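Participant: Below is a structure I'd like to ask you about.
The values are calculated or read from the model by the stated rules, or taken from the named source; none is laboratory data. This one's a predicted model, so the numbers in the text were calculated from it and none came from an experiment. Quick reminder, even Gly has a Cβ in these numbers, built from the backbone with ideal geometry, and neighbours come from all protein chains shown.
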C-alpha cells in the first residue's frame, strides 16, 4: 500500500525567492521510495548486501504548484508497475494537512546484480522479498 514520508523544506533546497528548486523533487522521491521498500520488505542497504541493486532507468516530474522554504510536505509513494525484473513508482507531493498536489512524478527501476549490473529476476534471486513487494503492488493496484 502507499507509503508516506514527511519532509520539511530546508533553506538550501530553495532559490532566492524561497521556492523549492525543481531538481530537489527527485531526491524527495528517493526518500519516499526507500521508505516504501523498507516498510514493505527490506532496506535498500540490506538488499544491496544480498547482491541486488535497483538503478533508476527513467524519471518524470510534473510541477503543479511551488513548495516553499519551511513547508512541511508529505511525499506519497506507491507502486504503479511491478514485474520480476522491473518496478515503477508513482509519487505525489502535498503540503501536510492539504490535498492539493504540488508535484507528481514517476521513477522506473530495474533489478540488477550488484557485481556485474546485469538484469536479474527478483522472484528467483530473493523470492521472499519479491512476494512481500508483490503483495504491496497488488494493494496499490499495480498488478
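Participant: Considering every residue within the range 63-70, establish whether at least one is touching a residue at least 40 places away in the same chain (Cβ under 8 Å), surrounded by fewer than 19 Cβ atoms within 10 Å (Cβ to Cβ), part of a strand (DSSP E or B) and touching a strand residue (DSSP E or B) at 6+ places or on another chain (Cβ under 8 Å).
Facilitator: yes
Participant: Hey, residue 121 hits all of (1) touching a strand residue (DSSP E or B) at 6+ places or on another chain (Cβ under 7 Å); (2) touching a residue at least 12 places away in the same chain (Cβ under 8 Å); (3) surrounded by fewer than 16 Cβ atoms within 10 Å (Cβ to Cβ) but one; which does it fall short on?
Facilitator: Status for residue 121: all satisfied but (1).
Residue by residue, here is whether (1) at pLDDT 95 or above; (2) within 17 Å of the chain's Cα centre (by Cα); (3) crowded, with 17+ Cβ neighbours inside 10 Å holds:
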| residue | (1), (2), (3) |
| --- | --- |
| 104 | yes, yes, yes |
| 126 | no, no, yes |
| 131 | no, no, no |
| 138 | no, yes, no |
| 141 | no, yes, no |
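Participant: Pairs please, first residue from the range 20-35 and surrounded by 16 or more Cβ atoms within 10 Å (Cβ to Cβ), second anywhere and in a helix (DSSP H, G or I), Cβ atoms under 6 Å, 6+ apart in sequence or on different chains.
Facilitator: Short answer, once both residue conditions are applied: 20/13; 24/13; 34/44.
Participant: Still on this model: Can you pull out every residue in the range 103-143 that is part of a strand (DSSP E or B), touching a helix residue (DSSP H, G or I) at 6+ places or on another chain (Cβ under 6 Å) and under 16 Å from residue 35 (Cα atoms)?
Facilitator: Residue satisfying the conditions is 107 alone.
Participant: Looking only at the range 82-102, filter to residues that are in contact (Cβ under 8 Å) with a residue 60 or more places away in the chain and in contact with a helix residue (DSSP H, G or I) (Cβ under 8 Å, 6 or more places away or on another chain); which one of those is farthest from residue 4 (Cα to Cα)?
Facilitator: By that ranking, first place goes to 82.
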